[in-house]
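Comments concern the structure below.
The values are calculated or read from the model by the stated rules, or taken from the named source; none is laboratory data. Given the structure is predicted, the values throughout are model-derived calculations rather than measurements. Here the Cβ positions follow ideal geometry from the backbone for every residue, glycine too, while neighbour counts run over all protein chains shown.
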Amino acid sequence: MTTSSISRPSGPAPAIMLMLLAPLLAEVLPGATRLSALFVVPIQICAWGGGALMIRYAVKRWRLGWRNMLLLAMALSIAEECLIQQTSLAPMVLYIKGEAYARAFGVNYVYFLWALAYETVFVVFLPVVLVELIFPQRRDQLWLGRGGLMTVMILFVIGSMMAWYSWTQIARPNVFHVPVYNPPVVAVVIAVAAISGLLFAALGPWRAKLTSPVAPLQPPSAWVVGASGFLWAVLWYGLVLLGSALNPLSRRRLRLLQAWEW
């Protein structure tokens, strides 16, 4: 990786594609954002796409590794779940026999566990890998200049504010008929501390320790890989069902949830 390839982005095509792919892969293709709710896609592009692009910029700018990217992606997910849309802190719009589902100490813990893993992979890792495969000659470039980075940061802030308002102030009271929720200060402080800790670990003075090479491992047999993949798929599917609590939803409420939650 040469200095010139890092410092001279040539054209915005990869950056634009990454901003588009992040919400497309995480929200639109799985059906979380339905065609009837495509009006929220520009917000998703600014928040999810902008976040993914800034994370990749930091990794390439300081020549970091996948561990650094993992910590940054987790920080973005926590910001989304606890500060922006607050879907892991606010009482869920799903209830089983009138009772809040999988909630303790002010956290929707099963949903948060699912979201942390899902958003880390489908918002950051998968879109970045796909765009770098589409533009292999530019995989080591920043894709953004200084002005482009400032623009993306501004769009990210605007998108995050619009996401917060549209979900917490409009969708919850007007669509799901549940009260507006203001998370306790302690929860917000803990979330900010967790995000700060992850950012410091990924970008702080010891960030290079996460990029140190490790000896390659002997790959397991195909049977072990297949069995492990099957087991992980079953466990993940179960976590999705538990985190979403889909069974007790009527068709109408499920349609509303898919239309609004992103």
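Structure summary
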item	result
Verdict on Glu119 being touching a Pro at 6+ places or on another chain (Cβ under 9 Å), within 28 Å of Ala233 (Cα to Cα) and either at pLDDT below 90 or assigned to a helix (DSSP H, G or I) (or both)	no
Any hit, segment 213-232, residues being among the small types (Gly, Ala, Ser), at pLDDT below 90 and within 30 Å of Trp62 (Cβ to Cβ)	yes
Met1 modelled with pLDDT of 95 or more and either among the basic types (Lys, Arg) or surrounded by fewer than 23 Cβ atoms within 10 Å (Cβ to Cβ) (or both)	no
Some residue of segment 68-86 being surrounded by fewer than 19 Cβ atoms within 10 Å (Cβ to Cβ) and among the hydroxyl-bearing types (Ser, Thr, Tyr)	no
Test result for Arg63, surrounded by fewer than 15 Cβ atoms within 10 Å (Cβ to Cβ) and touching a residue at least 60 places away in the same chain (Cβ under 8 Å)	yes
Tally of residues being modelled with pLDDT under 95 and closer than 17 Å to Gly159 by Cβ across segment 54-79	0
Test: residue in segment 165-183 that is under 16 Å from Ile55 (Cα atoms) and buried (at least 16 other Cβ atoms within 10 Å of the Cβ)	no
Near pairs, Cβ below 7 angstrom, 6+ apart or cross-chain, from segment 205-232 (touching a residue at least 24 places away in the same chain (Cβ under 8 Å) and polar (S, T, N, Q)) to any residue that is surrounded by 10 or more Cβ atoms within 10 Å (Cβ to Cβ) and assigned to a loop (DSSP other than H, G, I, E, B)	Thr211/Leu64; Thr211/Gly65
Filtered residues of segment 38-68 (kept if closer than 18 Å to Trp206 by Cβ and assigned to a helix (DSSP H, G or I))	Ala58, Val59, Arg61, Trp66, Arg67, Asn68
Out of Ala171, Ala163, sole residue that is within 19 Å of Leu24 (Cβ to Cβ), within 21 Å of the chain's Cα centre (by Cα) and of a type in the set (Gly, Ala, Ser)	Ala163
Test result for Leu21, in contact (Cβ under 8 Å) with a residue 24 or more places away in the chain, outside any helix (DSSP H, G or I), in contact with a helix residue (DSSP H, G or I) (Cβ under 7 Å, 6 or more places away or on another chain) and over 27 Å from Asn108 (Cα atoms)	no
Residue that is nearest to Ala52 (Cα to Cα), among those in segment 104-131 that are surrounded by fewer than 17 Cβ atoms within 10 Å (Cβ to Cβ) and more than 17 Å from the chain's Cα centre (by Cα)	Gly106
